[in-house]
Amino acid sequence: VSALLARTGDPIAAIDTPALVLDLDVFERNLASMAAWAAARTIRLRPHAKAHKSAAIAQWQVAAGAIGVCVQKLSEAEALIEASCASGSCLDDVYISNEIVDPGKLARLGHLVVGSPSLKLSVAVDSGLGIDRLAAALTAVGCLERVAVVVEIDVGQGRCGVQPTQAGGLARQVVSHGLRFAGLQAYHGKAQHLRSAAEREMAARHAAQMARAAQASVTAVGVSCPFITGGGTGTFYFDAATGVFNELQPGSYLFMDADYERNELPSGVPRFEQSLFVKAQVISRGVSHAVVDAGHKSHAIESGMPRVLDRDLEFRTGGDEHGLLHPRLVEAPKGTGAVRAGDPLPQIGDAIWLVPGHCDPTVNLHNHYICVRGGLDHGVVERVIPVDARGCSS
Ligand SMILES: Cc1ncc(COP(=O)(O)O)c(C=O)c1O
């Protein structure tokens, strides 16, 4: 289907809409900037592939120095490993940074390991039941020691993870099964989008303290715990500064989005630019609005509406297949009501570039990235790459 959206060599103007477009020049700067930042420190980078769901992008991250990638779901791991092997270069170090408790899924995990002899797989756990079932599934296929187990602690997000004092008990249970205990996950999702740098720094420091407490709980039961992973695009520099983390797992930095753009950045940290866009087209004009052909089936809105690139227009929801562009309204002096501001409305047929509110779920709505070189005004389609793990949510 997306082969019809664009072909290699097409000019930007020829990309059909709505399309997920990746500005390769910006993307490569983001990729290199994070890789250089991590290389300058003694910290491992394991970017989160939940953001891009692409084997090719994961391979580029590894080529740029990443130790491997994280995924959030077993089916993401399966899809990315299969697609990478099909391209001739298997991803060989994958961490499922999430809990899997279903026996059927755990059996699949066992088969994945058995079928990929060079794969290093690790997985998060936060319950005794999860550990027992993981051990049973791996014992059934005779590869108990092939999977590294990471105990997740809740460091403030209120999602998965045990309290730090419970980490020791779970680590002991992991080891007692003959499973390999790798360390701890201390990821704080809510902290990533706190707007002020001071708030994010405070949350990151708190997460680090909790991780240290969990580490003490593990060593107290006689299990060695040298490894802690966590961090995201909003806090990785604060996480690194705590000295607690050995590995960081940011994902969105490659693309950025309208939500992350709103974060206040401290000085001296890498600045990532917007590289991911939805190209849309005006298909109708009213007196006070224009209508584009990109609605919620083209971009996720749970973190806010898209920003209209380079135009002072407000994007309002027009439903599944439509978006409404309105001139921005500003308050007129002394109660005379709101007046129009911003750019004039675009004409029917005009291309409109949208900065998605949230990159990860936006990617999951598309089959392909249309990758362009030379910018969004005069660039050319350099390649089209599949979103290999699109829809892999199980
Ligand atoms: C466990 C985990 N690690 C890392 C990330 C990456 O976060 P970000 O895309 O904000 O960098 C996420 C994102 O939700 C996550 O759930």
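Each reported figure results from applying straightforward, stated rules to the coordinates on display, with no laboratory input. Remember, it's a predicted structure, so these values are computed and weren't measured experimentally. Backbone-built Cβ (ideal geometry, glycine too); neighbour counts: all protein chains shown.
Could you size up the charge dipole of segment 110-173 around its Cα centre, putting +1 on the beta carbon of Lys and Arg and -1 on that of Asp and Glu, and report it in debye to the nearest 20?
120
Quick one: net charge around residue 229, please, counting Lys, Arg +1 and Asp, Glu -1 for every other residue with C-beta under 12 Å from its C-beta.
Neighbour charge sum, excluding residue 229 itself: -1.
Considering only DSSP states other than H, G, I, E and B, which trypsin sites (Lys or Arg not before Pro) in segment 232-284 qualify as loop sites with at most 13 other Cβ atoms within 10 Å? It would help to have the intermediate numbers written out before the result.
Details: sites: 262, 271, 279; in loops: 262, 271.
Passing sites in segment 232-284 are 262, 271.
Quick one: if you stick a label point 7 Å off each Cα along the C-beta vector at residue 296 and residue 220, how many nm between them?
About 4.7 nm, to one decimal.
Please list, by residue number, every one of the trypsin sites (Lys or Arg not before Pro) in segment 295-394 that is coil in DSSP and has at most 13 other beta-carbon atoms within 10 Å. Please report the intermediate quantities before stating the final value.
Details: sites: 297, 307, 311, 316, 328, 334, 340, 373, 383, 390; in loops: 297, 311, 328, 334, 390.
Filter output for segment 295-394: 297, 334.
If you add up the charges near residue 53, with Lys and Arg at +1 and Asp and Glu at -1, over every other residue whose beta carbon is less than 14 angstrom from its beta carbon, what do you get? Please list the in-between numbers first.
Values: positive: 50, 73, 390; negative: 76, 78, 82, 360, 388.
Result for the neighbourhood of residue 53: -2.
Let me check against my output: what whole-number percent is the relative contact order of the chain, with C-alpha pairs under 8 Å and at least 6 apart?
Values: 902 pairs, mean separation 83.5, N = 394.
That works out to 21 percent.
Set Lys and Arg Cβ to +1 and Asp and Glu Cβ to -1, take the dipole of the chain about its Cα centre, and tell me which of 215, 317, 153 lies farthest positive.
Among 215, 317, 153, the one farthest towards the positive end of the dipole of the chain is 215.
Using a simple charge model, +1 on the beta-carbon of Lys and Arg, -1 on the beta-carbon of Asp and Glu, nothing else, what dipole does the chain show about its Cα centre, in debye to the nearest 20? Working shown, then result.
Working: 35 positive and 40 negative charges, 129 e Å.
Using only the charged Cβ atoms, the result is roughly 620 debye.
So what is log10(I(q)/I(0)) for the chain at q = 0.09, 0.11, 0.13 1/Å, when the Debye sum runs over its Cα atoms only?
-0.57, -0.82, -1.08
Given the DSSP H assignment, sum -39500 (n - 2.57) over each helix run of at least 4 residues in the chain and divide by its residue total; what's the result at 222 nm in deg cm²/dmol, nearest 500? If you can, show how the numbers build up before the last one.
Numbers: 11 runs with 117 residues, N = 394.
It comes out at -9000 deg cm²/dmol, rounded to the nearest 500.
Can you give the local net charge around residue 27? Use residues other than it whose beta-carbon is closer than 13 angstrom to its beta-carbon, Lys and Arg +1, Asp and Glu -1. Don't skip to the answer; put the middle values down first.
Working: positive: 29, 373, 383; negative: 23, 25, 28, 273, 382.
Summing Lys/Arg as +1 and Asp/Glu as -1 gives -2.
Using only Cα atoms and rounding to the nearest 10 degrees, what angle (0 to 90) does helix 128-140 make with the longest principal axis of the chain?
80
To the nearest µm²/s, what D does Stokes-Einstein give for segment 279-394 at 20 °C and 1.002 mPa s, using the Kirkwood radius over alpha carbon pairs as Rh? Numbers along the way, then the final one.
On the way: Rh = 15.6 Å.
Diffusion coefficient, whole number: 137 µm²/s.
I want to verify a result. In a Gaussian network model of the chain, Cα cutoff 10 Å, which of these has the top mean-square fluctuation: 14, 208, 55?
14
Within the chain, how many Lys pairs sit with Cα atoms under 17 Å apart, leaving out pairs fewer than 8 places apart on the same chain? Display every interim value, and only then the final one.
Details: 50/73; 50/190; 53/73; 73/105; 73/120; 279/297.
Within the chain, the lysine pair count is 6.
Of the listed peptides 143-152, 68-77, what is their order by residue-averaged count of other C-beta atoms within 10 Å, with the highest listed first?
Details: 143-152: 20.6, 68-77: 23.4.
Ranked by mean Cβ neighbours within 10 Å, highest first: 68-77, 143-152.
Among 381, 141, 123, determine the one that fluctuates most according to a GNM of the chain built with springs between C-alpha atoms less than 10 Å apart.
141
With a point put 7 Å past each Cα toward its Cβ, work out how far residue 102 is from residue 287 in nm, to one decimal.
Rounded to a tenth, the inter-label distance reads 5.3 nm.
Report the Cα centroid-to-centroid distance between segment 148-174 and segment 183-226 in angstrom, as an integer.
The distance from the Cα centre of segment 148-174 to that of segment 183-226 comes to 11 Å.
Taking the chain as a Gaussian network, Cα atoms linked when under 10 Å apart, which of 196, 54, 84 shows the biggest mean-square fluctuation?
196
So for the pair residue 377, residue 41, with labels modelled 7 Å out along Cα→Cβ, what separation do we get in nm?
Label at residue 377, label at residue 41, 3.6 nm between them.
Compute, for segment 245-394, the length of the dipole vector about the Cα centre, with Cβ point charges of +1 (Lys, Arg) and -1 (Asp, Glu) only. Units Debye, rounded to 20.
Working: 14 positive and 20 negative charges, 71 e Å.
For this selection, approximately 340 debye.
Sort by residue number and name the cysteines in the chain that have no neighbouring cysteine Cβ under 4.7 Å.
That list is 70, 143, 160, 225, 359, 371, 392.
Plugging the Kirkwood radius over Cα pairs into Stokes-Einstein for segment 34-148, at a temperature of 10 °C and a viscosity of 1.306 mPa s, what D comes out in µm²/s?
On the way: Rh = 14.5 Å.
D = 109 µm²/s.
Which loop-located GluC sites (Glu not before Pro) does segment 187-269 contain, where loop means any DSSP state but H, G, I, E or B and the Cβ has at most 11 other Cβ atoms within 10 Å? Could you put the intermediate results ahead of the total?
Details: sites: 199, 201, 247, 261, 264; in loops: 264.
Within segment 187-269, the qualifying GluC sites (Glu not before Pro) (loop, at most 11 other Cβ atoms within 10 Å) are 264.
Taking every DSSP beta bridge with both residues inside the chain, roughly what % is antiparallel (nearest 5)? Intermediate values should be presented prior to the final figure.
Numbers: 31 of 60 bridges.
About 50 percent, rounded to the nearest 5.
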